[in-house]
1. Tell me what the chain gives for mean residue ellipticity at 222 nm when only DSSP H runs of n ≥ 4 count, each as -39,500 (n - 2.57), the sum divided by the residue total, rounded to 500 deg cm²/dmol.
2. Among the GluC sites (Glu not before Pro) within segment 32-119, which fall in a DSSP loop and have no more than 16 other Cβ atoms within 10 Å of their own Cβ?
3. Which percentage, to the nearest 5, of the DSSP beta bridges contained in the chain is antiparallel?
4. What dipole magnitude, in Debye to the nearest 20, does segment 29-75 give about its Cα centre under +1 on Lys/Arg Cβ and -1 on Asp/Glu Cβ?
5. Note down the magnitude of the dipole of segment 31-114 about its Cα centre, charges +1 on Lys and Arg C-beta and -1 on Asp and Glu C-beta and zero elsewhere, to the nearest 20 debye.
6. Just the number, please: carbon plus sulfur as a percent of the accessible area of the chain, 1.4 Å probe, no ligands or DNA/RNA counted.
7. Got a sec? Charge dipole of the chain, +1 on Cβ for Lys and Arg, -1 for Asp and Glu; which of Thr6, Ile54, Leu111 is way out at the positive end?
8. State in Å² the accessible area per residue of the chain; use a 1.4 Å probe, count heavy atoms of protein chains only, and round to the nearest integer.
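The values are calculated or read from the model by the stated rules, or taken from the named source; none is laboratory data. Source: prediction; values computed, not measured. Using ideal geometry, Cβ is built from the backbone for each residue, glycine included, and neighbour counts are taken over all protein chains shown. Note: accessible area is taken over every heavy atom of the protein model, side chains too, but ligands, DNA and RNA are not part of it. Shrake-Rupley method; radii C 1.70, N 1.55, O 1.52, S 1.80 Å.
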Amino acid sequence: MKRSLTKKERLARPKDIQRLFLEGRKVRVKGAGLTFIENGRDYSRILFVVPRSIKSKVERNRLKRVARECVRLQKDLLPPGYDLALILFPGDYSYEARMEQFRSLLKAAELVGEMDRIS
C-alpha cells in the first residue's frame, strides 16, 4: 500500500461532501471530530476540515498539514469503503496529541481494523 495520500483518497466532490455531512455518523473527542459514511468503494476517502474561526490562513493550513501527516502514517488502520471528514478544532495541540486524537476517533467510530496495533 502506498504511504502517500493519493488524489483518489481525497474527498473533493461537493455532492459527496454534502451527502457525508447530511447522512454520516459523527464522533468527537476533545479537539477533533470525525464524520463518516460508507461509500461502496474498495478504498476510503478523507476530507480535512478546519473552522474559519481560526482567522490566520497560516494556522489553518498548518492544522491541515499536521492532520494529513497523521492520516498518512496511519492510513493502513482504516478499513476500505468509507468517506471520512476529519474536523480539527482550535487549540494548543502537539503533533503527538493530534495523532492520539485520530486514533481515539477511529476507536470511537469502531473503524479500526486491528485494535491491538494502535493501543
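1. Working: 3 runs with 42 residues, N = 119.
The helix contribution divided over the chain gives -11500 deg cm²/dmol.
2. Passing sites in segment 32-119 are Glu110, Glu114.
3. Working: 12 of 18 bridges.
Within the chain, antiparallel bridges account for around 65 percent of the total.
4. Result for segment 29-75 is approximately 340 debye, rounded to the nearest 20.
5. Working: 15 positive and 11 negative charges, 119 e Å.
Taking the Cα centre of segment 31-114 as origin, the dipole is about 580 debye.
6. The C+S portion of the solvent-accessible surface of the chain is 50 percent.
7. The residue sitting most towards the positive pole is Ile54.
8. Result: 61 Å² per residue.
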